[in-house]
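Working notes for the structure below.
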Amino acid sequence: MFDVIVIGAGSGGLTVALGLAGLEKKVLLIEKHKMGGDCTNYGCIPSKSLIKYGKEMAVLKKFGIDVEKKVLDQSMKYAENIVNEILDHESPEALEKNYKSLKVVKGEARFVDKKLIVVNGKTYRGKKIVIATGSEPRVIKVEGLKKDQILTNKSVFDLKEIPTRLLIIGGGVIACELGEAFANLGSEVHLIVRGDMLLGKSNTEVSDFVKDELEAKGVKIHFRSSIEKVEGQIAYVGKEKIELDRVLMAVGRVVDVDNLDLEKAGVKHDKNGILVNDKNKTSTRGIYAVGDVCSRDKLTHNADHQGRNVVKDILLPFSFASKKAMPKVVYMENEVASVGMTYEEAVDKHSENQIFKIVLDFDRVDRSKTEQTSGKAVFVVKGLRGKILGAEIVGPHAGEMIGVVVQAIDNKISLHKLSSSIFAYPTYSRIFKKAGDDYLRAISAEWKTYAKNWLKDNALKFVAALFWATLIYGFFWYKDIYDKTNLEIAKDFFNYFSDPDLTTVGIYILVYTLRPLILFPGTLLTVLSGALFGPIVGIAATTVGANMSASVAYGAGRFLGGDLIGDESSFLGKWKKRLKDRSFESVMIMRLIYLPFDGVNYGCGILKVKWVQYMLATFLGTLPGIATFVFFGASVDFANFDASMIELKPELLAVSGVLFVSSLVLARVVRSRHGVEKPATS
């Protein structure tokens, strides 16, 4: 029996396996191909090695030094040597030597059930199982294209020589990185891009910069194009005929989990991969998934981050998952690093009036001038406070610089506060001070317009707040003038309704509906409805009133407090994501376990829970509680609030107790049947 079985020895799998083995947990690590996964063997390591070699060749060309073809071909051997050097530290023998509680098995894993895994005909049992099987490069069909002409990121590093003519399908990270690298190494490179910009979700300034850089190196880019067919070594792209030796597919990644027999373990998945929640738990208790197999952002550091979250959850099951800003880097000669939102994404999510876009050229910092480099930085900032929503930097060392912005976003450091830090001179990081200066100038120039738009956007909130403040003040003014307590007001209410009819029931419902605005305790009214109207009418009237009051409080919370919640990394942000992703189940559980009624109502409004699911869960989830307190009220027989006249009805009090216990049991059942999220977006 192993404490944990990890399937896949890539970035995410190694993080989990070594993290737990380092804490002396008994771990089984299974890998069917090469140790180190895609990153070490076919991705990050060989590609960055090839890119580095290409940069050196580009420098030689810049100074007019001709390089022989055989020297260029050595780049492939150079990348292979770097990979082998790293793999020496990740071999099964090295890992088992350094981690005594770790066992490594080579072979293909399949589920027998939710605790059993079979590999090479041998069965292993694990208390916990982590799936980290990664993804494969996507290959599209092209008429006439032969199999031996196709390259992917897995096969491109098997080349023994640099192709003379390389056609790349795609305009994303791999296409831009390897397109530039092979151009530096002497290939004639064509990029076939289906869209109208490079790097997908980038700011237009950065995408245009990358386009100009590639074209300056001789890369020919064909936007809004696709390969119609290939005949021999000729590709037909629209009206053009392009000669080629090889075609590199850089059109994304696919997840293949069919060979795992996931259905035997009850693990849910779809065409995008395994379904997990924010703690990387699958639909089956005790089984996790990390990395490409469950993520839209197929990044090595994302897999590592998820692996660390799984280690934390296994050791500390009640901890929150750590949600952090996720940086991305394209390792070109001028690196492209980004984190957070682009300007277009920020405008879609927020009012355009609230968003500032700060664009700077690298020549604004003296270090760029001394090294004769070029680059751009784009900052997307919200509001007068200068909250950083996103940034994108293209230029030397951008991948290192973006870490500053990641820290700023995670720790809610505004652009103004960030720029007030001292950055050494002359460094590229002084671009942050320049960005802060530009932001302050933009605010100073447009503060009147911004303030006007802000007031316009929030005018209704001010009016609503004034109305509710007046109503609440009036209620407490009435209490003060007549020197009454809440209990005495309830007594007056009770006496007025001592002879109930349709009118008094209607007034009761109206009072219950408006109750959250004057902070009057709902439980007291619910108990009173049982005493006033009896169980049947009391439950009916309170159900109507409670649901209407829930809607009123939800609307107030959503209208007035929608901007109080930070991003998903904050405490409330985590609850916002959890409630929005599983609104019905979450609200139902809170109703059944008797969390403060108005607290839930206002909270769900502030967190912008889905209204239809919120109301349905409120209707169903409050019925046991309403019945509990109505029966409790009905069990007390009195004509006034005089304690000497109280007489208990044991049978109704017993019903109230049974309903209370049943509600808690039902909450447990709902919680145990809690669903999982769609594949993670981070």
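Structure notes:
- Contact order, relative form, for the stretch 288-376: 14 percent (alpha carbon pairs under 8 Å, 6 or more residues apart, mean separation divided by residue count).
- Rolling a 1.4 angstrom probe over the protein heavy atoms with all chains in place gives the stretch 84-130 an accessible area of 60 Å² per residue.
- Taking amide H as placed 1.01 Å from N in the peptide plane, the amide H of Leu29 sits under 5 Å from that of Val6, Lys103, Val104, Val105, each at least 5 places away or on another chain.
- The C-alpha atoms of the chain define a longest principal axis, and helix 611-634 lies at about 30 degrees to it.
- Calculated diffusion of the stretch 6-124, Stokes-Einstein form, Kirkwood radius summed over Cα pairs, 10 °C and 1.306 mPa s, µm²/s: 97 µm²/s
- Net charge dipole, the stretch 172-234: roughly 200 debye, given to the nearest 20, about the Cα centre with Cβ charges of +1 for Lys and Arg and -1 for Asp and Glu.
- Cysteines without a disulfide-compatible partner [the chain; Cβ-Cβ under 4.7 Å]: Cys176, Cys294, Cys604
- Once backbone amide H atoms are built at 1.01 Å from N, Val254 has Glu136, Arg138 as its partners under 5 Å, excluding neighbours fewer than 5 places away on the same chain.
- Placing pseudo-labels 7 Å out from each Cα toward the beta carbon at Val118 and Asp483 gives an inter-label distance of 8.5 nm.
- Angle of helix 69-87 to the longest C-alpha principal axis of the chain, folded into 0 to 90 degrees and rounded to 10: 40°.
- Simple spin-label estimate for Leu455 and His350 in nanometres, 7 Å along Cα-Cβ: 2.1 nm
- Axis of helix 173-184 versus longest Cα principal axis of the chain: the two differ by about 20°, to the nearest ten degrees.
- Estimated FRET transfer efficiency when R0 is 30 angstrom, pair Glu108-Ile150 (beta carbons, to 0.05): 0.75
- Within the chain, helix-based [θ] at 222 nm, where runs of 4 or more DSSP H residues each add -39,500 (n - 2.57), nearest 500: -16000 deg cm²/dmol
- Relative contact order computed over the stretch 1-139 (Cα-Cα under 8 Å; 6+ residues apart), in percent: 38 percent
- For the stretch 368-376, Karplus couplings with θ = phi - 60° (6.51, -1.76, 1.60), whole Hz, Gly/Pro x: 5, 5, 5, 9, 6, 10, 10, x, 9
- In this label model, Phe475 and Glu215 are separated by 6.5 nm, measuring between points 7 Å along each Cα→Cβ vector.
- Considering only alpha-carbon pairs that sit under 8 angstrom and 6 or more positions apart, the relative contact order computed for the chain is 10 percent.
- Distant-in-sequence amide H partners of His269 (H built 1.01 Å from N, under 5 Å): Leu275
- From phi via Karplus (6.51, -1.76, 1.60), per-residue ³J(HN,Hα) for the stretch 150-156 in Hz, x at Gly/Pro: 8, 10, 10, 5, 7, 9, 4
- Dipole magnitude (debye, nearest 20) for the chain, charges at Cβ of Lys, Arg, Asp, Glu: 740 debye
- Ranking His350, Pro317, Pro327 by Cα position along the charge dipole of the stretch 311-378, where only Lys, Arg, Asp and Glu carry charges on their C-beta atoms, puts Pro317 farthest toward the positive end.
- The computed Rg and Dmax of the Cα atoms in Å for the structure shown corresponds, within (i) 32.5, 102; (ii) 37.6, 123; (iii) 31.8, 107, to (iii).
The values are calculated or read from the model by the stated rules, or taken from the named source; none is laboratory data. Predicted model only: the values in this text are computed from it and were never measured. Every residue, glycine among them, receives a Cβ derived from its backbone with ideal geometry; neighbour counts consider all protein chains shown. All accessible areas refer to the heavy atoms of the entire protein, side chains included, with ligands and DNA or RNA removed. Shrake-Rupley method; radii C 1.70, N 1.55, O 1.52, S 1.80 Å.
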